[in-house]
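K.L.:
Let me give you the structure first, and then I'll get to my questions.
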Amino acid sequence: MDTTLVRVADLRLGSIVAEDIMANTQYPIVYKNTKITREHIIVFKAFQIQRIPVLTVSIVEKKENESALVPETVKEDEVVVESMTPFASQYGKSVEEFKSEFFKWQAGSKVDIVKVRTIILPLIDYILKNRALIFSLNELSDSKNYIYHHSVALSLISAAIAHKMGLSKGDIIQMACAAVLADCGMAKVNKKILKKAGALTELELKEIQEHPFYSAQLVKDIPLLKADMKIAIYQHHERLDGSGYPLGEKGNSIAIYSHIIAVADVFHAMTCERVYREKESPFKVLEMIRQSQFGKFNIEVVHTLFSCLADLPLGTKVELSNFALATIVFVNKNTPTRPVVKLIDTSEIIDLSRNRILYIERLIVE
């Protein structure tokens, strides 16, 4: 039977272990054909085991009254999104379509803004109905296809911020288009640099930092994209204190739309799995942004992203950093990353603003 190697952080409860798991022990710490529980995950982490072989059939979700087809092989770098909620399904399709457009830009084609809008509009509709979806985007990403996931996610997070700030539907769509194209200039960067897993040299980093210029060149002749949005694309790596690039702009010389993409960019990048690091809790990352990035971003934009958390409906299911499942029962607008939660197993109430050891690892989107 086919097996799949799954990161411990991504293991699903109920998945079946495909072979005995050894850890410098005389006997296996978990035996073959064992169904995975939360206790097993804790054991794997205690022994610093990174990946576990599981039976493929045990992790393929079946639609009601349908047989799930298990692909025999997956092409290298193919975009795969395991979760098949309607949003996740559309997201996976959009990322794959964006990837195809990116390949065209690498081959010298012009940006087709109509096609790009078609790719992201179905997802924008989901986001405008439920902004909380932006806090689960890192669960759908993968390190091999990060650049395509990042562009699509950047579009959705920017749209959510713009929506929360009260922009019109037309400007929200413009914002989403600018954000998804912010890194289109990466198509003009040497492919070897884009695929490099290790640290970049100074020259390679300098070439990466040219991508806002390349992006601006690719979009400058698109009449359907507003001038303000083209500026946002060029400035999305600038910082208030002048520490950004490509020009080291500072203060009021950086447009508000640029800050929206900048905050969305840093937030998604810090939450996602990369070749060189594990993914991180969106809730934890938001706290890090507020604590360590003060003075770099427009404070209104940062507060707006935080306030999207305050909109989470009561009863939202979450997983805590100790793997316990809980529901949100109260959100304090001053500390939205640390709401009051109720444990599902024991009904214990925990105020995460007081219990600083625990934090929300992820939202459970059903």
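K.L.:
Would you please name the residue that is farthest from residue 147 (Cα to Cα), looking only at residues in region 264-286 that are among the aliphatic types (A, V, I, L, M) and either modelled with pLDDT under 90 or crowded, with 24+ Cβ neighbours inside 10 Å (or both)? Full working, then the answer.
P.N.:
If we filter region 264-286 for residues that are among the aliphatic types (A, V, I, L, M), which is where we start, we get 264, 266, 269-270, 275, 285-286.
This time we only want the ones that are either modelled with pLDDT under 90 or crowded, with 24+ Cβ neighbours inside 10 Å (or both), so: 264, 275.
Numbers: 264: 14, 275: 12 Å.
Only one residue tops the list, namely 264.
K.L.:
Specify the residue that is surrounded by the most Cβ atoms within 10 Å (Cβ to Cβ); the eligible residues are those in region 121-176 that are under 23 Å from residue 96 (Cβ atoms) and in contact with a strand residue (DSSP E or B) (Cβ under 9 Å, 6 or more places away or on another chain).
P.N.:
Out of the qualifying residues, it is 135.
K.L.:
In addition: For region 181-216, name all the residues that are open to solvent by 60 Å² or more (accessible area, probe 1.4 Å) and polar (S, T, N, Q).
P.N.:
Listed by number, the residues that qualify are 190, 201, 209.
K.L.:
Then there is this: Restricting attention to region 83-123, which residues are over 30 Å from residue 363 (Cβ atoms) and of a type in the set (D, E, K, R)?
P.N.:
Correct list: 104, 110, 112, 115.
K.L.:
Would region 325-339 turn up any residue that is charged (D, E, K, R), open to solvent by less than 50 Å² (accessible area, probe 1.4 Å) and within 16 Å of the chain's Cα centre (by Cα)?
P.N.:
First pass over region 325-339, keeping only residues charged (D, E, K, R): 333, 338.
Within this subset, residues satisfying the condition of being open to solvent by less than 50 Å² (accessible area, probe 1.4 Å) are 338.
Retained after the next criterion (residues that are within 16 Å of the chain's Cα centre (by Cα)): none.
Looking through region 325-339, none of the residues is charged (D, E, K, R), open to solvent by less than 50 Å² (accessible area, probe 1.4 Å) and within 16 Å of the chain's Cα centre (by Cα).
K.L.:
Assess whether residue 290 counts as being open to solvent by 10 Å² or more (accessible area, probe 1.4 Å), in contact (Cβ under 8 Å) with a residue 40 or more places away in the chain and in contact with a helix residue (DSSP H, G or I) (Cβ under 8 Å, 6 or more places away or on another chain).
P.N.:
Working: open to solvent by 10 Å² or more (accessible area, probe 1.4 Å): yes; in contact (Cβ under 8 Å) with a residue 40 or more places away in the chain: no; in contact with a helix residue (DSSP H, G or I) (Cβ under 8 Å, 6 or more places away or on another chain): yes.
Taking the combined requirement at face value, the residue does not satisfy it.
K.L.:
Here's a follow-up. Restricting region 217-242 to residues that are open to solvent by 20 Å² or more (accessible area, probe 1.4 Å), touching a residue at least 12 places away in the same chain (Cβ under 8 Å) and not charged (D, E, K, R), which is nearest to residue 110 (Cα to Cα)?
P.N.:
Looking at the filtered set, the residue picked out is 218.
K.L.:
Need at least 1 residues that are touching a residue at least 24 places away in the same chain (Cβ under 8 Å) per element, so show me which strands (runs of 3 or more DSSP E) inside region 294-366 make the cut, counting only ones lying wholly within it.
P.N.:
On the way: elements: 317-320, 325-330, 340-343, 349-351, 360-363.
Strands (runs of 3 or more DSSP E) meeting the threshold: 317-320, 325-330, 349-351, 360-363.
The values are calculated or read from the model by the stated rules, or taken from the named source; none is laboratory data. Because the structure is predicted, anything quoted here is derived from the model rather than measured. FYI the Cβ positions are ideal-geometry reconstructions off the backbone, even for glycines, and counts take in every protein chain you see. Please note that ligands, DNA and RNA were not included when accessible areas were found on the heavy atoms of the full protein model with its side chains. Shrake-Rupley method; radii C 1.70, N 1.55, O 1.52, S 1.80 Å.
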